[in-house]
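No value in this document is a laboratory result; all are computed from the given coordinates. Quick caveat: nothing in here was measured; it's all calculated off a predicted structure. Using ideal geometry, Cβ is built from the backbone for each residue, glycine included, and neighbour counts are taken over all protein chains shown.
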Amino acid sequence: MKQLVICAMKDRSLAINQINAWDEEYISLKWGGPRSIKRIKEKLSQGSILLDAGCGNGRYTIPLASDFDVFGVDFSMRGIHETKYNLIKNNCSPKCAVSNVICLPFKGNTFDGVILYGVLQHLLKEDRYKCAIEVQRVIKKQGFLFIEVFGIDDMRYGGIEVEANTFKRKNEIIYHYFTTDELKKLFSSFKSINVWEEKKIKYFKGSTYLRHKIYAIISAY
């Protein structure tokens, strides 16, 4: 499995470090409830075939499985294990695999929809473009792509800079912060892209912080 995970990555040591970092992260990571599912339900009919690319521990895979035929992939074995466990617990079929989003184990023209929520921000520039190519390969001609990423004004911006607006934190996980223009350029080969930003003020211990996210719904062809 690990060979499949790193098949398209130049730096083997970086790939393994990222896998190990996320396996460690999922030991204690507890996300809140999923957001943005309403947008997916508005675009796709019930029973559509959906890929949750970079599904993590199933934050979106699990609630979407009640309406769609969902496949989840992630390069963290621990994340996939948790997703499978929770799908079974919710009486859903555990269609999951350990795989990298830049080297997907699916035939072309397979999915009605693909979601990349909180995924592209953890890839380096070259791999972000590889991911965009892979997603376009596996999505159907009338399919939709759903995206959520961090924006450059987000309070978490910073760390050890490894590329422009891209940082590595102490836990070895990569974080990239997008602009709307950058996201449009990344998926410029798709038919159309609807991009919008969301900025929210958060209060913590008497101080204010800004959360900045960028969303997109993209038509494949």
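Considering only alpha-carbon pairs that sit under 8 angstrom and 6 or more positions apart, the relative contact order computed for segment 13-142 is 23 percent. With springs only between Cα atoms under 10 Å apart, run a GNM on the chain and tell me which of Cys92, Cys55, Cys131 wobbles the most. Comparing Cys92, Cys55, Cys131 in the GNM, the peak value goes to Cys92. When DSSP beta bridges are restricted to pairs lying wholly in the chain, around 60% turn out antiparallel.
Under the shape rule built on the C-alpha gyration tensor, where the axes satisfy a ≥ b ≥ c, segment 51-95 is oblate, since a/c reaches at least 1.5 while a/b does not exceed b/c.
For the options Glu197, Glu42, Glu148, a Gaussian network treatment of the chain with springs between C-alpha atoms closer than 10 Å singles out Glu42 as fluctuating the most. When the Cα gyration tensor is reduced to axis lengths a ≥ b ≥ c, the ratio a/c is 1.5 or higher for segment 99-212, and with a/b above b/c it is classed as prolate. Between the alpha-carbon centres of segment 65-144 and segment 207-221 there is a gap of 19 Å.
Across segment 150-191, Cα pairs under 8 Å and at least six residues apart give a relative contact order of 33 percent.
Based on DSSP loop calls and a cut-off of at most 11 other Cβ atoms within 10 Å, the longest stretch of the chain free of exposed trypsin sites (Lys or Arg not before Pro) is what? Before the final figure, lay out the partial values.
Working: sites that count: Lys10, Lys30, Lys107, Lys170, Lys191, Lys205.
The segment 31-106 is the longest one with no such site.
Comparing mean-square fluctuations of Val73, Val138, Val114 from a GNM of the chain with C-alpha springs under 10 Å, the top value falls on Val138.
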